[in-house]
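Below you'll find the structure, written out as structure tokens, and then a few comments.
Read-outs: derived from the displayed coordinates by stated rules, not from any lab. From a predicted model like this one, the values you see are computed outputs, not experimental measurements. When we count neighbours, we look across all protein chains shown, and the Cβ atoms used for this are built from the backbone with ideal geometry, even at glycine.
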């Protein structure tokens, strides 16, 4: 009889490929409807204006525009929202002021 218990052998370990989660379109990038913005497990990011949440918690665009991330204040201050706003709203045109050469 052995005085020391035998160590268990490890079953064949498997290398599992990554799930490619994370942010796919960053703030300021233009998107069309149907583009996936965030792939996630659970709701780290929430769907905001112009976006929807799919069954696997991915957030995708339902309108064309520019991606914007925002963090809530108040009692929802730990929530992050992803919005798709029209391109005109995202980068307003700067008015050119003409300087007179006196």
With the chain treated as a Gaussian network of Cα nodes joined by springs under 10 Å, which of 16, 66, 44 yields the largest mean-square fluctuation?
16
When Cα extents along the principal axes in Å is calculated directly from the model, which label among (i) 52, 36, 23; (ii) 46, 32, 27; (iii) 106, 36, 32 fits?
(iii)
Extension reserve of the residue 13-residue 36 stretch, reckoned as 0.36 nm per residue once the Cα distance is removed
5.0 nm
Out of 12, 51, 43, any idea which swings most in a Gaussian network model of the chain, alpha carbons joined below 10 Å?
12
Contour minus end-to-end for residue 69 and residue 1, with contour as 0.36 nm per residue of separation and end-to-end as the Cα-Cα distance?
17.9 nm
Where labels lie 7 Å past Cα in the beta-carbon direction, separation of residue 87 and residue 26 in nm:
2.0 nm
